[in-house]
Amino acid sequence: MEKLVSLAKRRGFVFQSSEIYGGLGSVWDYGPLGVELKKNIKERWWRSMVHEREDIEGLDAAILMHPKVWEASGHVAGFTDPLVDCKHCKNRFRADDPKIKGTPGQPDGQCPACGTKGTLTAPRQFNLMFKTFMGPVEEDAAVIFMRPETAQGIYVNYLNVLQSSRQKVPFGIAQIGKAFRNEITPGNFIFRTREFEQMEMQYFVKPGSDGEWFEFWRAERMKWIEALGIRKEKLRWHQHGKTELAHYAKDAYDIEYEFPFGWNEFEGIHNRGDFDLSRHQEYSGKKLDYLDTTTNTRFVPNVVETSAGADRTTLVVLCDAYREEAVKNEDGADKEELRVVLKLKPELAPIKAAVFPLVNKDGMPDVGRRVYDDLRKRFNVFYDDGGSIGRRYRRQDEAGTPFGITIDGQTSQDQTVTVRDRDTLKQVRVGSGALVDYLKDHLAG
Ligand code: ATP
């Protein structure tokens with residue numbers, strides 16, 4: 001994992017937030033390559049969920065919502081972790097932290113940070129929602145929360161979307177947006193952070209058909225993830241047992257990935273029954289039932305949810321693409337060397353191709369610039385004329401760039417360039433005028 005974190009910083013994927021001030025705990029910033037990678041993942045999700053489906057509409061709800069939303073959703077009462085404080089060193093831990101010896105609140109309870117015995121408090125419930133104040137007065141009546149999930153913005157807009165889009169049940173609403181959780185044991189890079197992005201879709205169905213739709217969406221989501229190029233053997237399902245199920249859930253499965261730190265969830269598919277709309281109906285006093293005009297019956301729709309983290313999915317994609325390989329030296333020396341390469345699916349790669357003049361003379365930089373200017377109208381491409389060609393290839397390997405285009409001595413004779421494949425290292429000659437089509441063909445999928 002340290003290797004990936006250091007590559008992410010070196011190449012400009014992910015930086016620690018406010019790093020020059022020592023960083024802010026479990027908050028991360030996406031650099032020039034990271035923002036492209038995450039955007040490509042989100043766009044792919046949006047395309048498959050919203051554009052390719054006539055039964056799903058998109059939404060972008062605000063982060064700040066009416067405080068009653070979080071009472072109705074159960075977050076005010078139930079979105080908590082049991083925590084203990086050390087009265088001596090003031091550190092705070094989850095009560096189930098395996099590093100705690102003895103029983104918190106008892107004389108034998110030992111602080112894992114300072115080692116003092118008997119200074120840990122008994123567990124207390126700690127709400128994970130970030131609080132802030134709305135308006136000029138910092139008083140209890142002005143408290144609002146930073147949303148801990150995007151789903152509630154969808155439920156409270158269910159009627160608006162239904163009426164304006166003229167959809168009929170079954171139909172879905174999809175949204176990508178930021179969420180905030182004051183996690184107590186965050187960590188593992190961008191796996192668990194305090195500010196993160198979710199890609200959530202809530203599918204509203206007739207009661208009784210929820211089981212079938214649940215299975216449908218389970219299969220769809222796994223297909224989507226596999227199509228990101230993730231190795232199948234690194235993916236598995238985990239069904240929530242009775243004690244794990246969230247307060248709203250009838251049934252729930254996580255899709256887990258084998259991260260360098262073990263198997264962990266990065267997407268959940270949940271059968272939420274009619275909990276959400278019923279609760280918002282009760283708390284808002286507004287009718288949220290649905291009139292089925294074919295049978296002339298009314299019902300509160302059930303919800304099947306697919307809930308993915310954009311950051312965790314980005315981490316899955318990065319972990320899965322990271323390889324270290326022994327390859328032949330590409331500057332012509334007769335030796336092998338170790339390279340780090342991100343074998344990203346070309347469609348997800350931040351940079352699609354890099355353009356290199358072999359040497360900075362004989363007109364090669366001019367041709368290189370022309371090729372670069374031509375390509376960047378269509379693709380995110382990069383121009384690099386610094387260092388040996390082998391070094392330039394290695395830098396792009398670490399960025400996951402699928403193609404390296406080199407202008408060499410032959411280019412001025414027959415207007416062809418070499419195109420090097422990141423994974424096979426094979427080079428083919430392509431007419432410089434045919435590069436746009438070549439890239440279009442080889443980047444799709
Ligand atoms: P966990 O148990 O790992 O905290 P969760 O079960 O609370 O996750 P959900 O509430 O189901 O997660 O959220 C759906 C998805 O949102 C998760 O699968 C994950 O990808 C993402 N997510 C949740 N919390 C975080 C976080 N703190 N940092 C990054 N992503 C998160």
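Please state, to two decimals, what the Cα-based radius of gyration of region 316-356 comes to when divided by 2.2 N^0.38 Å (N = residues).
Scaled against compact globular proteins, the figure is 1.40.
From the phi of every residue in region 403-412, what ³J(HN,Hα) in whole Hz does the Karplus formula 6.51 cos²θ - 1.76 cosθ + 1.60 yield, where θ is phi - 60° and glycine or proline is x?
10, x, 10, 10, 8, 10, x, 6, 4, 6
In whole Å, what are the Cα extents of region 212-298 along the three principal axes, biggest one first?
Dimensions of region 212-298 along the principal axes of its Cα atoms: 50, 30, 20 Å.
Taking only Cα atoms, what is the 0 to 90° angle, nearest 10, from helix 210-226's long axis to the longest principal axis of the chain?
30
Based on the Cα gyration tensor of region 166-229, what are the three equivalent ellipsoid semi-axes, each the root of five times an eigenvalue, rounded to whole Å and given largest first?
29, 16, 12
Let me have the relative contact order for region 328-445, percent, based on Cα pairs under 8 Å that are six or more residues apart.
29
Given a Förster radius of 22 Å and the C-beta distance between Val27 and Lys99 as r, what FRET efficiency does 1/(1 + (r/R0)^6) yield to the nearest 0.05?
0.40
Can you tell me the order of 197-203, 67-73 when each peptide is scored by its average per-residue count of other Cβ atoms within 10 angstrom, highest first?
Ranked from most to least packed, the peptides come out as 197-203, 67-73.
Can you show me the helix-derived [θ] at 222 nm for the chain, built from DSSP H runs with n ≥ 4 at -39,500 (n - 2.57) apiece and divided by the number of residues, rounded to the nearest 500.
Rounded to the nearest 500, the figure is -8000 deg cm²/dmol.
Using the alpha carbons of region 341-428, what is the convex hull volume per residue in cubic angstrom, as a whole number?
84
What three numbers, in Å, describe the spread of the alpha carbons of region 70-128 along their principal axes, ordered from the longest?
41, 17, 16
Rounded to a whole number, what % of the accessible area of the chain do carbon and sulfur atoms account for, probe 1.4 Å?
After summing per-atom areas, the C and S share lands at 49 percent.
Roughly speaking, what is the centre-to-centre gap between region 367-415 and region 209-275 when only Cα atoms are used, to the nearest Å?
Rounded to whole Å, the Cα centres lie 41 Å apart.
Run the numbers on region 204-343 and let me know its relative contact order in percent, using alpha-carbon pairs under 8 Å that are six or more apart.
23
Give the average over all directions of the projected area of the C-alpha convex hull of region 110-156, one decimal, in nm².
Averaging across all directions leaves 6.2 nm² for the Cα convex hull.
Return the aspartates and glutamates within reach of Lys117: Cα separation strictly under 20 angstrom, same-chain partners fewer than 8 residues apart disregarded; answer none if there are no such residues.
Asp85, Asp96, Asp97, Asp108
Could you tell me the center-to-center distance, by alpha carbons, between region 71-101 and region 114-176 in angstrom?
18
Give me the percent of Cα-Cα pairs in region 55-200 that sit more than 19 Å apart, rounded to a whole number.
Tail of the P(r) past 19 Å holds 64 percent of the pairs.
Regarding the chain, what is the average projected area of its C-alpha convex hull, in nm²?
27.7
Peptides 144-157, 114-127: what's the order by average Cβ count within 10 Å, highest mean first?
144-157, 114-127
Output needed: Cys residues of the chain lacking any neighbouring Cys C-beta below 4.7 Å, sorted by number.
Cys319
Kirkwood hydrodynamic radius (Cα pairs, Å) of region 39-105?
16.7
Please compute the alpha carbon radius of gyration of region 209-359, then divide it by the globular-protein estimate 2.2 N^0.38 Å. Two decimals is fine.
1.54
In degrees between 0 and 90, to the nearest 10, how far off the longest principal axis of the chain does helix 275-284 point, with axes built from Cα atoms?
With both axes taken from Cα atoms, the answer is about 60 degrees.
Which percent, to the nearest 5, of DSSP beta bridges fully inside the chain are antiparallel?
DSSP beta bridges in the chain are roughly 85 percent antiparallel.
Distance in nm between label sites at Leu245 and Glu212, each 7 Å beyond Cα in the beta-carbon direction?
2.2
With axes computed from alpha carbons, what is the tilt in degrees of helix 364-375 against the longest principal axis of the chain, rounded to the nearest 10 within 0 to 90?
Long axis of 364-375 versus the principal axis of the chain: about 40 degrees.
Of the trypsin sites (Lys or Arg not before Pro) in region 255-339, which ones lie in a loop per DSSP and count no more than 13 other C-beta atoms within 10 Å?
Passing both the DSSP loop test and the Cβ count: Lys286, Lys287, Lys335.
Ratio of Rg to Rh for region 148-288, alpha carbon only, Kirkwood?
Expressed as Rg/Rh, it is 0.97.
The values are calculated or read from the model by the stated rules, or taken from the named source; none is laboratory data. These numbers were taken from a predicted model, which means no experiment stands behind them. Glycine gets a Cβ as well: all are built from the backbone with ideal geometry, and neighbour counts include every protein chain shown. We work out accessible area using only protein heavy atoms, side chains counted, and drop any ligands, DNA or RNA first. Shrake-Rupley method; radii C 1.70, N 1.55, O 1.52, S 1.80 Å.
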